[in-house]
Amino acid sequence: MKNIIELEAERFEWSLKMFPQATAESSLKKLIGEAEECLEAITEKDFDNLKLEYADCLMCLFDSAGRQGISVEEIFEAFSVKLHINKKRKWKKNPDNTYSHVKD
């Protein structure tokens, strides 16, 4: 099986050909719709489809970044940096069960 970097390179090459007028912004708008489908699959306990919905979300996110000139490798580097930052933050639970870091 290909690794995520290889898969994303293949997906992005296809995406540029298939959706030549897509932009970083339009891919994020598509991500919102895919995230809603993911939520629906969770609510309906459609766990067979859920993995595919998560994959759609990831593809949209990577597509947006790629169209902005940000590589998957750069995202993973930023992921590591952001994880380190988040671990040092204080967090609060919001009424809707999401969490936000406490602003200084």
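The values are calculated or read from the model by the stated rules, or taken from the named source; none is laboratory data. Please read all numbers here as calculations on a predicted model, not as lab measurements. Because the Cβ atoms are built from the backbone with ideal geometry, glycine has one as well, and the counts that use them run over all protein chains shown. Note: areas computed on protein heavy atoms with side chains; ligands, DNA, RNA excluded. Shrake-Rupley method; radii C 1.70, N 1.55, O 1.52, S 1.80 Å.
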Could you check TYR54 against (1) closer than 20 Å to GLU6 by Cβ; (2) open to solvent by less than 100 Å² (accessible area, probe 1.4 Å) and say which number it fails?
(2)
Only residues in the stretch 1-27 that are closer than 13 Å to SER64 by Cα count as the first member; pair them with residues that are modelled with pLDDT of 95 or more and open to solvent by 100 Å² or more (accessible area, probe 1.4 Å), Cβ under 6 angstrom, at least 6 apart or cross-chain, and list the lot.
ALA24/GLN68
Give me the pairs: first residue in the stretch 35-48 and surrounded by 12 or more Cβ atoms within 10 Å (Cβ to Cβ), second residue assigned to a helix (DSSP H, G or I) and modelled with pLDDT under 95, beta-carbon distance under 6 Å, and six or more apart or on different chains, which are they?
ALA41/ASN49
Quick one: which of LEU83, LEU50, LEU39, LEU61 is of a type outside the set (Ser, Thr, Tyr) and touching a Cys at 6+ places or on another chain (Cβ under 8 Å)?
LEU50
Can you find, within the stretch 68-84, the residue that is nearest to LEU58 (Cα to Cα) among those that are among the aliphatic types (A, V, I, L, M) and open to solvent by 70 Å² or more (accessible area, probe 1.4 Å)?
ILE70
Every pair of residues 6+ apart whose Cβ atoms lie under 6 Å, when the first sits in the stretch 75-94 and is closer than 25 Å to ALA65 by Cβ while the second is surrounded by 10 or more Cβ atoms within 10 Å (Cβ to Cβ) and among the aliphatic types (A, V, I, L, M):
ILE75/ALA65
